[in-house]
């Protein structure tokens, strides 16, 4: 079953939190949900803000209070969005406030290891495929970088007219372990499309970052309660 569902949706509410964290009545819920999607599309898909795609935005989290909307961007290269002296952040915050008509509090958080974030790996592969790079060389390079960064496993799946072939096909490569049905496994998932001259190529990436709350063997062994020897009853 794990291979047929989105690993993020499968674990949301169990081991992962929601990307939108707020409460609303039934009358306002749909409007606020559409508003969240507008914010994400404006940041990631706005043609006037194409430079944001180079920033490496992994995910956008939204929290709401009665007075304001807090938007948290998890970014690999925050300098692209912040700009000189923070001018770009202020402009983006003003644009978001004009878009939804509410007070927006924008926060930027840097990602220390972008190689183990599936969405960023998928977007990097997509950019290289759009530049007509060899898809096999691109896959091998991405998998080596992710495994060297400390991941337990990675799976990449490409679908489309690979290499400009006449017939579309799928290519899949796996390195390490990817336990998709294990809820305690920290599986990150990313998807994007590479726009090539022959058509779009779908890029799916699964990355296993280990188990939730994983500790090394020495600490786990030291933390165990010592076993008492069996009693010998003498008569």
Self-check item: Which numbered condition residue 184 fails, given (1) over 28 Å from residue 130 (Cβ atoms); (2) in contact with a helix residue (DSSP H, G or I) (Cβ under 7 Å, 6 or more places away or on another chain); (3) modelled with pLDDT of 90 or more
Solution: (2)
Quiz item: Do we find that residue 186 is under 20 Å from the mean Cα position of the chain (by Cα), touching a residue at least 24 places away in the same chain (Cβ under 8 Å), surrounded by 13 or more Cβ atoms within 10 Å (Cβ to Cβ) and not assigned by TED's automatic domain parsing to the domain that holds residue 75 in this structure?
Solution: yes
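Looking at segment 81-93, is at least one residue more than 27 Å from residue 201 (Cα to Cα) and in contact (Cβ under 8 Å) with a residue 40 or more places away in the chain?
yes
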Exercise. Assess whether residue 95 counts as being surrounded by 12 or more Cβ atoms within 10 Å (Cβ to Cβ) and under 30 Å from residue 178 (Cβ atoms).
Key: no
Quiz item: Residues of segment 13-38 being loosely packed, with under 13 Cβ neighbours inside 10 Å and part of a strand (DSSP E or B), which ones?
Solution: 21
Self-check item: Selection count where residues are crowded, with 17+ Cβ neighbours inside 10 Å and touching a helix residue (DSSP H, G or I) at 6+ places or on another chain (Cβ under 8 Å), scope segment 60-77
Solution: 8
Practice problem: Considering each of 159, 151, 142, 122 in turn, give the residue that is crowded, with 16+ Cβ neighbours inside 10 Å and assigned to a strand (DSSP E or B). | Solution: 159
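The values are calculated or read from the model by the stated rules, or taken from the named source; none is laboratory data. Note that the structure is a prediction, hence the values are computed from the model and not measured. Here Cβ is always computed from backbone atoms with ideal geometry, including for glycine, and neighbour counts include all displayed protein chains.
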